[in-house]
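Participant: A single structure is presented below for examination.
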Amino acid sequence: MVKTRGLKEAEKKLGDLKTIISKMLKKKKKVKIFESGCGYGKVMIELKKKFGNRIDIIGMNFKKIHGDKNKVISFALEEGIINKDEVNQMQSMKLIFGDAGKKLPFKTSSIDLVYSQVSSYLYEDKMHFFEEVARILSKDGIARITSAHHKENLPEEFQQLLRIYDNGKEIPFEKFISKFKNIKMIELPSGKKAIEIKSGKLNFGLKLKSTINTNHLWKEWFGIVSIYFVTKKLK
């Protein structure tokens, strides 16, 4: 179940989050973390259990029915991830709700680590999400996001979930982002690829022209195709 995937699964898709946090803690007393699409919060719980009060962690779901704080804690107890004596330690975690494809509710340069393992393929405005992630990252902050532009378990005509066109010609996602310094695709030790974003201004110069929610076409399809037109010429 996607909502219940934990740190072990996340690190196959995103890299060693524990090491990233540990390195940050050598430079600052507390690390602020944001997970977009946290589901039942298993990764959040496991990170909080490991690092305790040295991290502040905030999770975001689209709606409360997708997982709220009560569900996160009750799930962790049911699964034996934490015991009753550890519940108070988890109370400092925050959960917020909304569309991550719109403006994120954080101040500029306020988050040290952003990660998202299996949710951005469901965002309508994926490219705006990446812009917002870059905005909220602190000076030495980093984001790791699972690839949002391709989904193999959809019919071939819908597998490219992120489509960018310039004067009617499609530009592959990786080629397009190669023009920007603070976003790139990286290959992980697991062999999987992830999107890595660093802090700084990120303006793709794109306009979201249309979206296709594949779940509206067939109940067993999941993923939103986001179609963009280039509005600003890049060097």
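Just so it is clear, none of the values below were taken in a lab; they were calculated from the coordinates. Model, not experiment: these values are computed from the prediction. Cβ placement follows ideal geometry from the backbone for every residue including glycine, while neighbour counts extend to all protein chains displayed.
Participant: Above 23 angstrom, tally the Cα pairs of the range 50-185 and express them as a % of all pairs, no decimals. Please report the intermediate quantities before stating the final value.
Facilitator: Details: 4183 of 9180 pairs.
Here the tail beyond 23 Å accounts for 46 percent of pairs.
Participant: Follow-up. What shape does the range 81-124 take by its C-alpha gyration tensor, where a ≥ b ≥ c are the square roots of the eigenvalues and a/c under 1.5 counts as rounded, a/b above b/c as prolate, and the rest as oblate? Please list the in-between numbers first.
Facilitator: Details: a/c = 2.55, a/b = 1.74, b/c = 1.46.
Prolate is the answer for the range 81-124, as a/c is 1.5 or above and a/b outweighs b/c.
Participant: Which residue, LYS219, LYS94, LYS69, tops the fluctuation ranking in a GNM of the chain built on C-alpha contacts under 10 Å?
Facilitator: LYS219
Participant: At R0 = 45 Å, how high is the FRET efficiency between GLN89 and ASN215 if r is their beta carbon distance? Nearest 0.05 is fine.
Facilitator: On the way: r = 37 Å, r/R0 = 0.82.
FRET efficiency, GLN89 to ASN215: 0.75.
Participant: How high is the relative contact order of the range 184-235, in percent, counting Cα pairs under 8 Å that sit 6 or more residues apart?
Facilitator: Values: 58 pairs, mean separation 15.2, N = 52.
Rounded, it is 29 percent for the range 184-235.
Participant: No solvent, one uniform scatterer per C-alpha: report log10 I(q)/I(0) for the chain via the Debye equation at q = 0.09, 0.11, 0.17, 0.18 1/Å, two decimals.
Facilitator: Once normalised to I(0) and log-transformed, intensities are -0.37, -0.56, -1.31, -1.45.
Participant: May I ask you to give the average projected area over all directions of the convex hull of the Cα atoms of the range 1-87, in nm² rounded to one decimal? Show your work: numbers first, answer last.
Facilitator: Details: hull surface 22.7 nm².
Average of the hull's projected areas for the range 1-87 equals 5.7 nm².
Participant: Take the eigenvalues of the Cα gyration tensor for the range 111-167, scale each by 5, and report the square roots as semi-axes in whole Å, largest first. Don't jump to the answer; show the numbers that get you there.
Facilitator: Numbers: eigenvalues 124, 38, 12 Å².
Ellipsoid half-lengths, sorted descending, are 25, 14, 8 Å.
Participant: In addition: Quickly rank 100-110, 165-175, 74-84 as a protection proxy: mean count of other C-beta atoms within 10 Å, highest first. Intermediate results must be reported in sequence, preceding the final value.
Facilitator: Numbers: 100-110: 16.0, 165-175: 12.2, 74-84: 13.7.
Result, highest mean Cβ count within 10 Å first: 100-110, 74-84, 165-175.
Participant: Sticking with this structure for a sec: What is the range 130-235 by shape, rounded, prolate or oblate, if you read a ≥ b ≥ c off the alpha carbon gyration tensor as root eigenvalues and call it rounded for a/c under 1.5, prolate for a/b larger than b/c, and oblate otherwise?
Facilitator: Working: a/c = 1.89, a/b = 1.29, b/c = 1.47.
Here the range 130-235 falls in the oblate category.
Participant: Lysine pairs, Cα distance under 30 Å, 8 or more residues apart or cross-chain: how many in the range 79-137? Before the final figure, lay out the partial values.
Facilitator: On the way: LYS84/LYS94; LYS94/LYS102; LYS94/LYS103; LYS94/LYS107; LYS94/LYS126; LYS102/LYS126; LYS103/LYS126; LYS107/LYS126.
Summing the qualifying lysine pairs gives 8.
Participant: Could you tell me how many degrees, from 0 to 90 and to the nearest 10, lie between the Cα long axis of helix 42-51 and the main elongation axis, the longest principal axis, of the Cα atoms of the chain?
Facilitator: Relative to the chain, helix 42-51 is tipped by roughly 50 degrees.
Participant: For n ≥ 4 DSSP H runs only, could you compute -39500 (n - 2.57) per run for the chain, divide by its residues and tell me the 222 nm figure to the nearest 500?
Facilitator: Calculated mean residue ellipticity at 222 nm is -6500 deg cm²/dmol.
Participant: For the range 1-152, what does the relative contact order come out to in percent, with C-alpha contacts under 8 Å and a separation of six or more?
Facilitator: Working: 240 pairs, mean separation 38.0, N = 152.
Taking the mean separation of contacting Cα pairs over the length of the range 1-152, I get 25 percent.
Participant: Here is a follow-up. Express as a percent, rounded to the nearest 5, the fraction of DSSP beta bridges in the range 31-171 (both residues included) that run antiparallel. Walk me through the numbers before you get to the answer.
Facilitator: Details: 4 of 22 bridges.
Taking every DSSP beta bridge with both residues in the range 31-171, the antiparallel ones total about 20 percent.
Participant: Among the DSSP beta bridges whose two residues both lie in the chain, what percent are antiparallel, rounded to the nearest 5?
Facilitator: Working: 21 of 43 bridges.
Roughly 50 percent of the beta bridges in the chain run antiparallel, per DSSP.
Participant: Among LYS12/LYS201; LYS69/LYS207; LYS48/LYS232; LYS63/LYS233; LYS71/LYS181, which pairs are too far apart, with a Cα-Cα distance over 31 Å?
Facilitator: Values: LYS12/LYS201 28 Å; LYS69/LYS207 35 Å; LYS48/LYS232 42 Å; LYS63/LYS233 37 Å; LYS71/LYS181 39 Å.
Beyond 31 Å: LYS69/LYS207; LYS48/LYS232; LYS63/LYS233; LYS71/LYS181.
Participant: Is the C-alpha gyration tensor of the range 50-124 telling us rounded, prolate or oblate? Criteria: a/c under 1.5 is rounded; beyond that, a/b larger than b/c is prolate, otherwise oblate. Don't skip to the answer; put the middle values down first.
Facilitator: Working: a/c = 2.27, a/b = 1.45, b/c = 1.57.
It comes out oblate by the Cα gyration axes.
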